[in-house]
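The values are calculated or read from the model by the stated rules, or taken from the named source; none is laboratory data. Quick caveat, the model's predicted, so the values are computed rather than measured. Cβ: placed from backbone, ideal geometry, glycine included. Neighbour counts: every protein chain shown.
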(Lines give C-alpha, C1' and ligand atoms only; values in the text may rest on other atoms or scores of the structure.)
Protein backbone atom coordinates (compact mmCIF):
# COMPACT_ATOMS: atom_id res chain seq x y z
CA UNK A 1 0.00 0.00 0.00
CA UNK A 2 1.30 3.41 -0.94
CA UNK A 3 1.96 5.44 2.18
CA UNK A 4 0.03 8.68 2.25
CA UNK A 5 2.13 11.51 3.63
CA UNK A 6 0.79 12.88 6.88
CA UNK A 7 0.03 16.58 6.99
CA UNK A 8 2.63 18.72 8.82
CA UNK A 9 0.25 19.36 11.71
CA UNK A 10 3.04 19.96 14.24
CA UNK A 11 4.67 22.61 12.09
CA UNK A 12 1.35 24.32 11.58
CA UNK A 13 0.85 24.33 15.34
CA UNK A 14 4.27 25.83 15.92
CA UNK A 15 3.75 28.52 13.33
CA UNK A 16 0.32 29.55 14.57
CA UNK A 17 0.33 29.53 18.36
CA UNK A 18 -3.44 30.04 18.60
CA UNK A 19 -4.46 26.83 16.79
CA UNK A 20 -5.36 23.69 18.69
CA UNK A 21 -4.90 20.16 17.44
CA UNK A 22 -7.14 17.37 18.70
CA UNK A 23 -6.33 13.65 18.83
CA UNK A 24 -7.71 13.10 15.32
CA UNK A 25 -5.15 15.59 14.00
CA UNK A 26 -7.90 18.10 13.25
CA UNK A 27 -6.80 21.71 13.43
CA UNK A 28 -9.10 24.01 15.36
CA UNK A 29 -8.78 27.70 14.54
CA UNK A 30 -10.46 30.55 16.42
CA UNK A 31 -12.86 32.33 14.11
CA UNK A 32 -11.19 35.75 14.35
CA UNK A 33 -7.90 34.28 13.06
CA UNK A 34 -9.55 32.18 10.36
CA UNK A 35 -8.68 34.15 7.23
CA UNK A 36 -5.10 34.77 8.31
CA UNK A 37 -4.39 31.12 9.08
CA UNK A 38 -6.21 29.83 6.00
CA UNK A 39 -4.16 32.12 3.76
CA UNK A 40 -1.05 30.84 5.55
CA UNK A 41 -2.06 27.22 5.06
CA UNK A 42 -2.54 27.89 1.36
CA UNK A 43 0.64 29.89 0.78
CA UNK A 44 3.12 28.20 3.08
CA UNK A 45 1.88 24.65 3.44
CA UNK A 46 0.60 24.29 -0.14
CA UNK A 47 -2.97 23.43 0.75
CA UNK A 48 -4.10 24.67 -2.63
CA UNK A 49 -7.29 22.65 -2.94
CA UNK A 50 -10.35 23.26 -0.76
CA UNK A 51 -12.12 19.98 -1.26
CA UNK A 52 -14.98 20.19 1.19
CA UNK A 53 -16.67 22.86 3.23
CA UNK A 54 -19.60 22.13 5.51
CA UNK A 55 -20.98 22.77 8.96
CA UNK A 56 -22.74 20.93 11.76
CA UNK A 57 -25.17 22.16 14.38
CA UNK A 58 -24.73 21.34 18.09
CA UNK A 59 -27.66 22.98 19.90
CA UNK A 60 -26.77 21.49 23.30
CA UNK A 61 -23.50 23.39 23.29
CA UNK A 62 -25.09 26.37 21.44
CA UNK A 63 -22.43 26.18 18.78
CA UNK A 64 -22.03 25.56 15.07
CA UNK A 65 -18.90 23.88 13.79
CA UNK A 66 -17.66 24.81 10.34
CA UNK A 67 -15.48 22.16 8.74
CA UNK A 68 -12.93 22.65 5.97
CA UNK A 69 -11.18 19.74 4.29
CA UNK A 70 -8.01 20.82 2.52
CA UNK A 71 -5.90 18.81 0.11
CA UNK A 72 -2.47 19.53 -1.25
CA UNK A 73 -2.24 18.34 -4.83
CA UNK A 74 1.55 18.72 -4.98
CA UNK A 75 2.40 17.23 -1.57
CA UNK A 76 -0.42 14.71 -1.44
CA UNK A 77 -1.53 15.29 2.12
CA UNK A 78 -4.88 16.35 3.56
CA UNK A 79 -6.04 18.09 6.69
CA UNK A 80 -9.30 18.92 8.39
CA UNK A 81 -9.67 22.42 9.80
CA UNK A 82 -12.51 23.42 12.06
CA UNK A 83 -13.78 26.60 13.54
CA UNK A 84 -16.51 27.09 16.11
CA UNK A 85 -19.02 29.91 16.06
CA UNK A 86 -21.88 30.86 18.32
CA UNK A 87 -25.29 29.57 17.38
CA UNK A 88 -26.97 32.84 18.31
CA UNK A 89 -24.82 35.02 16.11
CA UNK A 90 -23.80 32.79 13.19
CA UNK A 91 -21.56 35.18 11.33
CA UNK A 92 -18.04 34.55 10.12
CA UNK A 93 -15.66 35.58 7.33
CA UNK A 94 -15.92 33.90 3.94
CA UNK A 95 -12.88 32.02 2.64
CA UNK A 96 -13.87 32.85 -0.94
CA UNK A 97 -10.89 35.24 -1.31
CA UNK A 98 -8.54 32.34 -0.48
CA UNK A 99 -10.19 29.54 -2.49
CA UNK A 100 -12.77 30.26 -5.18
CA UNK A 101 -14.16 26.78 -4.57
CA UNK A 102 -15.86 28.10 -1.43
CA UNK A 103 -18.34 30.01 -3.58
CA UNK A 104 -21.20 27.53 -3.91
CA UNK A 105 -20.26 25.51 -0.85
CA UNK A 106 -20.67 28.53 1.42
CA UNK A 107 -23.97 29.33 -0.26
CA UNK A 108 -25.10 25.79 0.49
CA UNK A 109 -24.10 26.10 4.16
CA UNK A 110 -25.90 29.44 4.36
CA UNK A 111 -28.96 27.92 2.73
CA UNK A 112 -29.24 24.86 4.95
CA UNK A 113 -27.69 26.01 8.23
CA UNK A 114 -28.06 29.78 8.17
CA UNK A 115 -24.43 30.77 8.62
CA UNK A 116 -23.73 34.22 7.22
CA UNK A 117 -20.37 34.47 5.48
CA UNK A 118 -19.27 38.09 5.38
CA UNK A 119 -17.38 39.05 2.25
CA UNK A 120 -19.05 36.43 0.08
CA UNK A 121 -19.85 37.95 -3.33
CA UNK A 122 -23.30 36.44 -3.81
CA UNK A 123 -24.64 34.97 -0.60
CA UNK A 124 -28.17 33.77 -1.24
CA UNK A 125 -30.10 30.52 -1.10
CA UNK A 126 -28.97 27.94 -3.63
CA UNK A 127 -30.97 24.73 -3.20
CA UNK A 128 -34.11 25.94 -1.47
CA UNK A 129 -36.60 28.54 -2.63
CA UNK A 130 -35.78 32.17 -1.84
CA UNK A 131 -38.97 32.43 0.19
CA UNK A 132 -38.22 29.33 2.29
CA UNK A 133 -38.49 29.89 6.01
CA UNK A 134 -35.90 28.41 8.34
CA UNK A 135 -32.70 26.40 8.00
CA UNK A 136 -33.50 22.69 7.65
CA UNK A 137 -30.19 21.21 8.76
CA UNK A 138 -30.44 22.93 12.13
CA UNK A 139 -31.40 20.35 14.70
CA UNK A 140 -34.37 22.35 16.00
CA UNK A 141 -35.93 22.69 12.55
CA UNK A 142 -39.49 21.34 12.52
CA UNK A 143 -40.88 19.98 9.31
CA UNK A 144 -44.56 19.52 8.72
CA UNK A 145 -44.69 15.87 7.79
CA UNK A 146 -42.25 13.11 7.12
CA UNK A 147 -41.66 9.86 8.86
CA UNK A 148 -39.47 9.42 11.87
CA UNK B 1 -32.59 56.47 -32.59
CA UNK B 2 -30.95 53.06 -32.81
CA UNK B 3 -29.44 51.65 -29.67
CA UNK B 4 -28.28 48.30 -28.39
CA UNK B 5 -29.14 46.76 -25.08
CA UNK B 6 -28.54 43.56 -23.17
CA UNK B 7 -31.37 41.13 -22.75
CA UNK B 8 -32.04 38.06 -20.62
CA UNK B 9 -32.70 34.66 -22.14
CA UNK B 10 -34.11 31.91 -19.99
CA UNK B 11 -32.69 28.42 -20.47
CA UNK B 12 -34.45 25.58 -18.68
CA UNK B 13 -35.45 24.25 -16.18
CA UNK B 14 -37.30 21.95 -18.58
CA UNK B 15 -34.83 21.58 -21.41
CA UNK B 16 -33.26 18.32 -22.57
CA UNK B 17 -29.78 19.80 -22.82
CA UNK B 18 -29.66 20.69 -19.13
CA UNK B 19 -29.49 16.93 -18.43
CA UNK B 20 -32.24 17.25 -15.85
CA UNK B 21 -34.00 20.16 -14.23
CA UNK B 22 -31.63 23.07 -14.19
CA UNK B 23 -32.08 26.68 -15.15
CA UNK B 24 -29.65 29.28 -16.46
CA UNK B 25 -30.53 32.93 -16.86
CA UNK B 26 -28.32 34.17 -19.67
CA UNK B 27 -27.66 37.87 -20.03
CA UNK B 28 -26.78 38.43 -23.66
CA UNK B 29 -25.24 41.11 -25.79
CA UNK B 30 -26.38 40.03 -29.23
CA UNK B 31 -25.35 36.40 -29.27
CA UNK B 32 -22.54 36.79 -26.80
CA UNK B 33 -22.93 35.86 -23.13
CA UNK B 34 -22.26 38.66 -20.70
CA UNK B 35 -23.37 36.88 -17.56
CA UNK B 36 -24.95 33.57 -16.70
CA UNK B 37 -26.85 32.87 -13.53
CA UNK B 38 -27.19 29.14 -12.84
CA UNK B 39 -30.21 28.25 -10.72
CA UNK B 40 -30.32 24.77 -9.25
CA UNK B 41 -32.34 23.09 -6.53
CA UNK B 42 -35.31 21.85 -8.57
CA UNK B 43 -34.43 18.28 -7.61
CA UNK B 44 -33.50 18.95 -3.98
CA UNK B 45 -34.84 16.17 -1.79
CA UNK B 46 -32.95 16.91 1.39
CA UNK B 47 -31.01 13.65 1.45
CA UNK B 48 -28.69 15.02 4.15
CA UNK B 49 -31.64 15.76 6.42
CA UNK B 50 -33.38 12.47 5.59
CA UNK B 51 -30.23 10.57 6.53
CA UNK B 52 -30.42 11.93 10.08
CA UNK B 53 -33.63 9.94 10.60
CA UNK B 54 -32.32 6.70 9.02
CA UNK B 55 -30.00 4.03 10.31
CA UNK B 56 -26.55 3.80 8.77
CA UNK B 57 -27.60 0.91 6.53
CA UNK B 58 -30.78 2.64 5.42
CA UNK B 59 -28.76 5.55 4.01
CA UNK B 60 -27.15 3.36 1.30
CA UNK B 61 -30.14 3.50 -1.13
CA UNK B 62 -30.22 7.30 -0.83
CA UNK B 63 -26.66 7.52 -2.11
CA UNK B 64 -27.77 5.72 -5.30
CA UNK B 65 -30.18 8.51 -6.01
CA UNK B 66 -27.57 11.22 -6.13
CA UNK B 67 -25.43 10.25 -9.11
CA UNK B 68 -27.74 7.58 -10.46
CA UNK B 69 -25.47 7.05 -13.47
CA UNK B 70 -22.62 5.68 -11.37
CA UNK B 71 -24.49 4.44 -8.32
CA UNK B 72 -21.90 1.90 -7.24
CA UNK B 73 -19.23 4.56 -6.77
CA UNK B 74 -21.58 6.56 -4.54
CA UNK B 75 -22.32 3.42 -2.51
CA UNK B 76 -18.66 2.60 -2.06
CA UNK B 77 -17.79 6.12 -0.96
CA UNK B 78 -20.44 6.01 1.74
CA UNK B 79 -19.79 2.53 3.08
CA UNK B 80 -16.04 3.14 3.15
CA UNK B 81 -16.63 6.27 5.22
CA UNK B 82 -18.71 4.30 7.75
CA UNK B 83 -16.14 1.50 7.76
CA UNK B 84 -13.40 4.03 8.46
CA UNK B 85 -15.47 5.38 11.36
CA UNK B 86 -16.04 1.92 12.82
CA UNK B 87 -12.70 0.38 11.90
CA UNK B 88 -14.19 -2.51 9.92
CA UNK B 89 -11.90 -4.67 7.78
CA UNK B 90 -13.48 -5.65 4.47
CA UNK B 91 -12.84 -9.16 3.07
CA UNK B 92 -10.55 -9.19 0.07
CA UNK B 93 -13.10 -10.73 -2.28
CA UNK B 94 -15.56 -7.96 -1.46
CA UNK B 95 -12.91 -5.37 -2.24
CA UNK B 96 -12.42 -6.91 -5.68
CA UNK B 97 -16.16 -7.01 -6.32
CA UNK B 98 -16.38 -3.36 -5.33
CA UNK B 99 -13.63 -2.48 -7.79
CA UNK B 100 -15.21 -4.51 -10.59
CA UNK B 101 -18.73 -3.18 -10.12
CA UNK B 102 -17.41 0.31 -9.40
CA UNK B 103 -15.38 0.48 -12.58
CA UNK B 104 -18.28 -1.00 -14.54
CA UNK B 105 -20.42 1.78 -13.09
CA UNK B 106 -17.81 4.32 -14.15
CA UNK B 107 -17.86 2.83 -17.65
CA UNK B 108 -21.65 3.12 -17.93
CA UNK B 109 -21.41 6.71 -16.75
CA UNK B 110 -18.61 7.62 -19.18
CA UNK B 111 -20.25 5.83 -22.10
CA UNK B 112 -23.43 7.77 -21.43
CA UNK B 113 -21.50 11.04 -21.05
CA UNK B 114 -19.79 10.42 -24.39
CA UNK B 115 -23.04 9.62 -26.19
CA UNK B 116 -25.03 12.42 -24.64
CA UNK B 117 -22.29 14.89 -25.43
CA UNK B 118 -22.50 13.89 -29.07
CA UNK B 119 -26.23 14.55 -28.89
CA UNK B 120 -25.64 17.90 -27.19
CA UNK B 121 -23.64 19.15 -30.13
CA UNK B 122 -25.98 17.64 -32.67
CA UNK B 123 -24.86 14.07 -33.43
CA UNK B 124 -27.73 11.70 -32.85
CA UNK B 125 -26.02 8.58 -34.19
CA UNK B 126 -23.23 8.73 -31.64
CA UNK B 127 -25.82 8.91 -28.89
CA UNK B 128 -27.61 5.76 -30.04
CA UNK B 129 -24.35 3.94 -30.63
CA UNK B 130 -23.22 4.50 -27.06
CA UNK B 131 -26.52 3.24 -25.71
CA UNK B 132 -25.85 -0.10 -27.40
CA UNK B 133 -22.87 -0.86 -25.13
CA UNK B 134 -24.43 0.79 -22.13
CA UNK B 135 -27.32 -1.65 -22.42
CA UNK B 136 -24.93 -4.60 -22.27
CA UNK B 137 -23.28 -3.22 -19.16
CA UNK B 138 -26.63 -2.51 -17.56
CA UNK B 139 -27.66 -6.10 -18.17
CA UNK B 140 -24.51 -7.28 -16.41
CA UNK B 141 -25.11 -4.93 -13.49
CA UNK B 142 -28.70 -6.11 -13.30
CA UNK B 143 -27.58 -9.71 -13.15
CA UNK B 144 -25.12 -8.86 -10.39
CA UNK B 145 -27.21 -6.56 -8.23
CA UNK B 146 -30.83 -7.04 -9.27
CA UNK B 147 -31.14 -3.45 -10.34
CA UNK B 148 -30.14 -1.50 -13.41
CA UNK B 149 -29.39 1.92 -12.00
CA UNK B 150 -30.04 2.18 -8.27
CA UNK B 151 -27.71 -0.67 -7.44
CA UNK B 152 -27.32 -0.51 -3.62
CA UNK B 153 -24.84 -3.36 -3.99
CA UNK B 154 -22.31 -2.25 -1.38
CA UNK B 155 -22.92 -3.05 2.27
CA UNK B 156 -21.18 -1.77 5.35
CA UNK B 157 -18.55 -4.48 5.68
CA UNK B 158 -18.63 -5.87 2.15
CA UNK B 159 -21.05 -6.33 -0.72
CA UNK B 160 -24.56 -7.78 -0.86
CA UNK B 161 -23.78 -11.06 -2.58
CA UNK B 162 -21.16 -12.95 -4.53
CA UNK B 163 -21.20 -13.10 -8.33
CA UNK B 164 -23.29 -15.75 -10.05
CA UNK B 165 -21.58 -18.47 -12.00
CA UNK B 166 -20.32 -17.42 -15.38
CA UNK B 167 -20.85 -13.72 -14.70
CA UNK B 168 -17.15 -12.91 -14.68
CA UNK B 169 -16.72 -14.67 -18.05
CA UNK B 170 -19.51 -12.61 -19.57
CA UNK B 171 -17.92 -9.47 -18.21
CA UNK B 172 -14.52 -10.52 -19.49
CA UNK B 173 -15.98 -11.07 -22.94
CA UNK B 174 -17.53 -7.59 -22.97
CA UNK B 175 -14.26 -6.07 -21.77
CA UNK B 176 -12.47 -7.82 -24.67
CA UNK B 177 -14.92 -6.19 -27.06
CA UNK B 178 -14.78 -2.74 -25.44
CA UNK B 179 -11.59 -1.44 -27.16
CA UNK B 180 -13.29 -2.09 -30.50
CA UNK B 181 -16.36 -0.13 -29.43
CA UNK B 182 -14.21 2.73 -28.15
CA UNK B 183 -12.53 2.74 -31.56
CA UNK B 184 -15.97 3.16 -33.09
CA UNK B 185 -16.75 6.13 -30.84
CA UNK B 186 -13.48 7.70 -31.85
CA UNK B 187 -14.28 7.16 -35.51
CA UNK B 188 -17.79 8.47 -35.29
CA UNK B 189 -17.58 11.20 -32.63
CA UNK B 190 -14.02 12.14 -31.65
CA UNK B 191 -12.70 12.30 -35.20
CA UNK B 192 -15.71 14.12 -36.59
CA UNK B 193 -14.74 17.45 -38.07
CA UNK B 194 -17.91 19.27 -37.04
CA UNK B 195 -17.64 17.87 -33.53
CA UNK B 196 -14.07 19.10 -33.22
CA UNK B 197 -14.97 22.51 -34.59
CA UNK B 198 -17.70 22.83 -32.00
CA UNK B 199 -15.59 21.76 -29.02
CA UNK B 200 -11.93 22.62 -29.58
CA UNK B 201 -10.74 25.78 -27.78
CA UNK B 202 -14.22 26.32 -26.35
CA UNK B 203 -14.65 26.82 -22.62
CA UNK B 204 -10.94 26.66 -21.84
CA UNK B 205 -9.82 26.37 -18.23
CA UNK B 206 -6.33 26.93 -16.89
CA UNK B 207 -4.93 24.50 -14.30
CA UNK B 208 -4.73 27.31 -11.73
CA UNK B 209 -8.43 28.12 -12.14
CA UNK B 210 -9.39 24.47 -11.83
CA UNK B 211 -7.46 24.06 -8.58
CA UNK B 212 -8.64 27.36 -7.14
CA UNK B 213 -12.28 26.54 -7.86
CA UNK B 214 -12.02 22.97 -6.47
CA UNK B 215 -13.00 21.41 -9.79
CA UNK B 216 -12.36 17.69 -9.96
CA UNK B 217 -12.58 14.64 -12.16
CA UNK B 218 -12.15 14.84 -15.94
CA UNK B 219 -12.77 18.60 -15.78
CA UNK B 220 -9.63 19.03 -13.67
CA UNK B 221 -7.52 16.47 -15.51
CA UNK B 222 -8.40 17.86 -18.95
CA UNK B 223 -6.47 20.96 -17.91
CA UNK B 224 -3.40 18.86 -17.25
CA UNK B 225 -3.59 18.52 -13.46
CA UNK B 226 -2.66 14.98 -12.53
CA UNK B 227 -5.03 14.43 -9.63
CA UNK B 228 -6.93 11.19 -9.53
CA UNK B 229 -7.59 9.92 -6.01
CA UNK B 230 -7.22 6.32 -7.20
CA UNK B 231 -3.55 7.18 -7.75
CA UNK B 232 -2.98 10.13 -5.41
CA UNK B 233 -4.50 8.54 -2.29
CA UNK B 234 -5.30 4.94 -3.19
CA UNK B 235 -8.33 3.70 -1.27
CA UNK B 236 -9.54 0.11 -1.11
CA UNK B 237 -7.20 -1.98 -3.24
CA UNK B 238 -6.56 0.45 -6.08
CA UNK B 239 -2.82 0.28 -5.51
CA UNK B 240 -2.83 -3.28 -6.88
CA UNK B 241 -3.76 -2.27 -10.41
CA UNK B 242 -1.67 -0.96 -13.21
CA UNK B 243 -3.37 1.92 -14.96
CA UNK B 244 -2.68 5.44 -16.15
CA UNK B 245 -4.33 8.76 -15.51
CA UNK B 246 -5.22 10.36 -18.87
CA UNK B 247 -4.56 14.09 -18.99
CA UNK B 248 -5.55 16.84 -21.39
CA UNK B 249 -3.48 19.79 -22.49
CA UNK B 250 -5.83 22.57 -23.58
CA UNK B 251 -8.48 22.28 -20.91
CA UNK B 252 -11.23 22.82 -23.48
CA UNK B 253 -14.51 20.99 -24.10
CA UNK B 254 -12.81 18.55 -26.45
CA UNK B 255 -10.17 17.58 -23.88
CA UNK B 256 -12.79 17.03 -21.21
CA UNK B 257 -14.71 14.80 -23.58
CA UNK B 258 -11.63 12.93 -24.75
CA UNK B 259 -10.36 12.43 -21.17
CA UNK B 260 -13.51 10.41 -20.52
CA UNK B 261 -12.95 8.30 -23.61
CA UNK B 262 -9.39 7.58 -22.49
CA UNK B 263 -10.56 6.84 -18.96
CA UNK B 264 -12.88 4.18 -20.36
CA UNK B 265 -9.85 2.35 -21.70
CA UNK B 266 -8.22 2.53 -18.26
CA UNK B 267 -11.38 1.25 -16.55
CA UNK B 268 -11.38 -1.70 -18.95
CA UNK B 269 -7.75 -2.35 -17.99
CA UNK B 270 -8.58 -2.27 -14.27
CA UNK B 271 -11.57 -4.61 -14.67
CA UNK B 272 -9.52 -7.10 -16.68
CA UNK B 273 -6.79 -7.15 -14.03
CA UNK B 274 -9.38 -7.49 -11.27
CA UNK B 275 -11.03 -10.43 -13.03
CA UNK B 276 -7.64 -12.16 -13.25
CA UNK B 277 -6.78 -11.46 -9.61
CA UNK B 278 -10.18 -12.35 -8.09
CA UNK B 279 -9.85 -15.91 -9.36
CA UNK B 280 -7.16 -16.47 -6.73
CA UNK B 281 -9.24 -14.91 -3.95
CA UNK B 282 -11.85 -17.01 -2.25
CA UNK B 283 -13.80 -16.40 0.89
CA UNK B 284 -16.69 -14.41 2.25
CA UNK B 285 -17.97 -11.19 0.74
CA UNK B 286 -19.15 -9.75 4.06
CA UNK B 287 -17.18 -8.98 7.19
CA UNK B 288 -18.64 -9.96 10.54
CA UNK B 289 -20.51 -6.82 11.49
CA UNK B 290 -23.11 -6.46 14.24
CA UNK B 291 -26.80 -6.43 13.23
CA UNK B 292 -27.25 -2.97 14.74
CA UNK B 293 -24.51 -0.61 13.69
CA UNK B 294 -23.52 1.90 16.34
CA UNK B 295 -20.30 3.63 15.35
CA UNK B 296 -18.33 5.20 18.22
CA UNK B 297 -18.68 8.92 18.84
CA UNK B 298 -16.62 10.88 16.40
CA UNK B 299 -16.46 12.08 12.88
CA UNK B 300 -14.91 11.06 9.61
CA UNK B 301 -14.30 12.51 6.17
CA UNK B 302 -13.63 10.11 3.34
CA UNK B 303 -13.42 10.80 -0.35
CA UNK B 304 -13.08 8.67 -3.45
CA UNK B 305 -12.86 9.26 -7.18
CA UNK B 306 -16.30 9.04 -8.73
CA UNK B 307 -16.98 9.26 -12.46
CA UNK B 308 -17.70 12.99 -12.18
CA UNK B 309 -14.91 13.85 -9.77
CA UNK B 310 -14.20 13.63 -6.07
CA UNK B 311 -17.12 12.49 -3.97
CA UNK B 312 -16.61 12.91 -0.24
CA UNK B 313 -18.67 11.90 2.76
CA UNK B 314 -18.50 13.74 6.08
CA UNK B 315 -20.21 11.77 8.85
CA UNK B 316 -20.65 12.76 12.48
CA UNK B 317 -21.65 9.99 14.85
CA UNK B 318 -23.11 10.57 18.30
CA UNK B 319 -22.91 6.90 19.24
CA UNK B 320 -26.46 6.00 18.24
CA UNK B 321 -27.57 3.90 15.27
CA UNK B 322 -28.35 6.97 13.14
CA UNK B 323 -25.88 9.47 11.73
CA UNK B 324 -25.93 12.78 13.62
CA UNK B 325 -24.89 14.61 10.48
CA UNK B 326 -24.15 13.48 6.95
CA UNK B 327 -22.70 15.79 4.36
CA UNK B 328 -21.80 14.81 0.83
CA UNK B 329 -19.23 16.67 -1.22
CA UNK B 330 -20.80 16.26 -4.64
CA UNK B 331 -18.45 16.72 -7.60
CA UNK B 332 -21.18 17.83 -10.03
CA UNK B 333 -22.31 20.56 -7.64
CA UNK B 334 -18.87 22.04 -7.20
CA UNK B 335 -17.91 21.65 -10.87
CA UNK B 336 -21.06 23.52 -11.82
CA UNK B 337 -20.16 26.40 -9.51
CA UNK B 338 -17.75 27.81 -12.08
CA UNK B 339 -20.24 27.77 -14.95
CA UNK B 340 -20.89 31.52 -14.93
CA UNK B 341 -17.26 32.47 -15.57
CA UNK B 342 -16.85 29.60 -18.02
CA UNK B 343 -19.68 30.81 -20.24
CA UNK B 344 -18.79 34.50 -20.31
CA UNK B 345 -17.71 35.74 -23.71
CA UNK B 346 -18.88 32.68 -25.63
CA UNK B 347 -21.84 32.42 -27.99
CA UNK B 348 -25.29 31.00 -27.25
CA UNK B 349 -24.43 27.97 -29.37
CA UNK B 350 -21.54 27.18 -27.03
CA UNK B 351 -23.67 27.10 -23.87
CA UNK B 352 -24.81 23.53 -24.38
CA UNK B 353 -21.34 22.45 -25.52
CA UNK B 354 -19.75 23.85 -22.36
CA UNK B 355 -22.46 22.64 -19.98
CA UNK B 356 -22.39 19.17 -21.50
CA UNK B 357 -18.63 18.94 -21.22
CA UNK B 358 -18.79 19.31 -17.41
CA UNK B 359 -20.96 16.17 -17.32
CA UNK B 360 -23.35 16.97 -14.50
CA UNK B 361 -26.07 14.86 -12.97
CA UNK B 362 -28.76 16.97 -11.40
CA UNK B 363 -29.61 14.36 -8.82
CA UNK B 364 -26.16 14.91 -7.43
CA UNK B 365 -26.09 18.69 -7.83
CA UNK B 366 -29.30 19.13 -5.89
CA UNK B 367 -28.85 16.18 -3.53
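Would it be correct to say that residue B:362 is surrounded by 17 or more Cβ atoms within 10 Å (Cβ to Cβ), more than 14 Å from every other protein chain (Cβ to nearest Cβ) and in contact (Cβ under 8 Å) with a residue 40 or more places away in the chain?
Working: surrounded by 17 or more Cβ atoms within 10 Å (Cβ to Cβ): yes; more than 14 Å from every other protein chain (Cβ to nearest Cβ): no; in contact (Cβ under 8 Å) with a residue 40 or more places away in the chain: yes.
When the stated conditions are applied, residue B:362 does not pass them.
Can you spot a residue in the range B:80-103 that is free of Cβ contacts under 8 Å to residues at least 60 places away in the same chain and in a helix (DSSP H, G or I)? Yes, the range B:80-103 has at least one match. Screening residue B:329 on (1) buried (at least 23 other Cβ atoms within 10 Å of the Cβ); (2) more than 19 Å from residue B:211 (Cβ to Cβ); (3) free of Cβ contacts under 8 Å to residues at least 40 places away in the same chain shows it passes everything except condition (2). Scanning the range B:197-222 for residues that are surrounded by 13 or more Cβ atoms within 10 Å (Cβ to Cβ) and assigned to a helix (DSSP H, G or I) turns up B:198, B:199, B:207, B:209, B:210, B:211, B:212, B:218, B:219, B:220, B:221. State whether the residues of the range B:268-276 include one that is more than 18 Å from residue A:108 (Cβ to Cβ), within 14 Å of chain A (Cβ to nearest Cβ), at pLDDT 90 or above and not in a loop (DSSP other than H, G, I, E, B). Scanning the range B:268-276 turns up no residue that is more than 18 Å from residue A:108 (Cβ to Cβ), within 14 Å of chain A (Cβ to nearest Cβ), at pLDDT 90 or above and not in a loop (DSSP other than H, G, I, E, B).
Scanning the range B:323-348 for residues that are in a loop (DSSP other than H, G, I, E, B) and either closer than 19 Å to residue B:75 by Cα or more than 8 Å from chain A (Cβ to nearest Cβ) (or both) yields B:330, B:344, B:345, B:346. Here residue A:4 fulfils each of the conditions (1) at pLDDT 90 or above; (2) within 12 Å of chain B (Cβ to nearest Cβ) apart from (1).
Among residues of the range A:50-74 being under 16 Å from the mean Cα position of the chain (by Cα) and more than 25 Å from residue A:140 (Cα to Cα), the one that is surrounded by the fewest Cβ atoms within 10 Å (Cβ to Cβ) is A:69.
Please find, among A:135, A:77, the residue that is more than 10 Å from chain B (Cβ to nearest Cβ), buried (at least 18 other Cβ atoms within 10 Å of the Cβ) and out of contact with any strand residue (DSSP E or B) (no Cβ under 7 Å at 6 or more places or on another chain). Before the answer, list the steps.
Details: A:77 fails: more than 10 Å from chain B (Cβ to nearest Cβ).
Result of the check over A:135, A:77: A:135.
Residue pairs whose Cβ atoms lie under 9 Å apart, separated by 6 or more positions or on different chains, with the first residue in the range A:52-65 and more than 10 Å from chain B (Cβ to nearest Cβ) and the second surrounded by 15 or more Cβ atoms within 10 Å (Cβ to Cβ) and part of a helix (DSSP H, G or I), are A:64/A:113. Of all the criteria given as (1) surrounded by fewer than 17 Cβ atoms within 10 Å (Cβ to Cβ); (2) modelled with pLDDT under 90, the one not satisfied by residue B:233 is (1).
Considering the range B:46-65, and only residues there that are over 19 Å from residue A:54 (Cα atoms) and free of Cβ contacts under 8 Å to residues at least 60 places away in the same chain, the residue that is surrounded by the most Cβ atoms within 10 Å (Cβ to Cβ) turns out to be B:62. Scanning the range A:8-49 for residues that are surrounded by 14 or more Cβ atoms within 10 Å (Cβ to Cβ) and within 12 Å of chain B (Cβ to nearest Cβ) yields a total of 6. In a helix (DSSP H, G or I) and more than 14 Å from every other protein chain (Cβ to nearest Cβ) - does that describe any residue in the range B:277-294? Yes, that holds for at least one residue. Figure legend. Inter-residue proximity from the range A:95-124: first residues more than 8 Å from every other protein chain (Cβ to nearest Cβ), second residues surrounded by fewer than 18 Cβ atoms within 10 Å (Cβ to Cβ), beta-carbon distance below 6 Å, spacing 6+ or different chains. Indicated pairs: A:98/A:39; A:111/A:125; A:111/A:128; A:116/A:91. Restricting B:74, B:58, B:80 to residues that are in contact with a strand residue (DSSP E or B) (Cβ under 8 Å, 6 or more places away or on another chain) and more than 22 Å from residue B:284 (Cβ to Cβ) narrows the list to B:74.
Based on this model, can you work out whether residue A:140 counts as surrounded by 16 or more Cβ atoms within 10 Å (Cβ to Cβ), within 19 Å of residue B:327 (Cα to Cα), more than 8 Å from chain B (Cβ to nearest Cβ) and out of contact with any strand residue (DSSP E or B) (no Cβ under 7 Å at 6 or more places or on another chain)?
Working: surrounded by 16 or more Cβ atoms within 10 Å (Cβ to Cβ): no; within 19 Å of residue B:327 (Cα to Cα): yes; more than 8 Å from chain B (Cβ to nearest Cβ): yes; out of contact with any strand residue (DSSP E or B) (no Cβ under 7 Å at 6 or more places or on another chain): yes.
No.
Within the range A:81-93, being within 14 Å of chain B (Cβ to nearest Cβ) and buried (at least 22 other Cβ atoms within 10 Å of the Cβ) holds for one residue alone: A:81. Of all residues in the range B:301-322 being more than 9 Å from chain A (Cβ to nearest Cβ) and surrounded by fewer than 24 Cβ atoms within 10 Å (Cβ to Cβ), which is nearest to the chain's Cα centre (by Cα)? Out of the qualifying residues, it is B:304. In summary, residue A:79 fulfils each of the numbered conditions (1) assigned to a strand (DSSP E or B); (2) within 11 Å of the chain's Cα centre (by Cα) with the single exception of condition (2).
Could you please let me know if residue B:240 is without any contact (Cβ under 8 Å) to a residue 60 or more places away in the chain and under 14 Å from residue B:103 (Cβ atoms)? The answer is yes for residue B:240.
When the residues of the range B:188-221 are filtered to those that are in contact (Cβ under 8 Å) with a residue 60 or more places away in the chain and at positive phi, the one that is nearest to the other protein chains (Cβ to nearest Cβ) is B:214.
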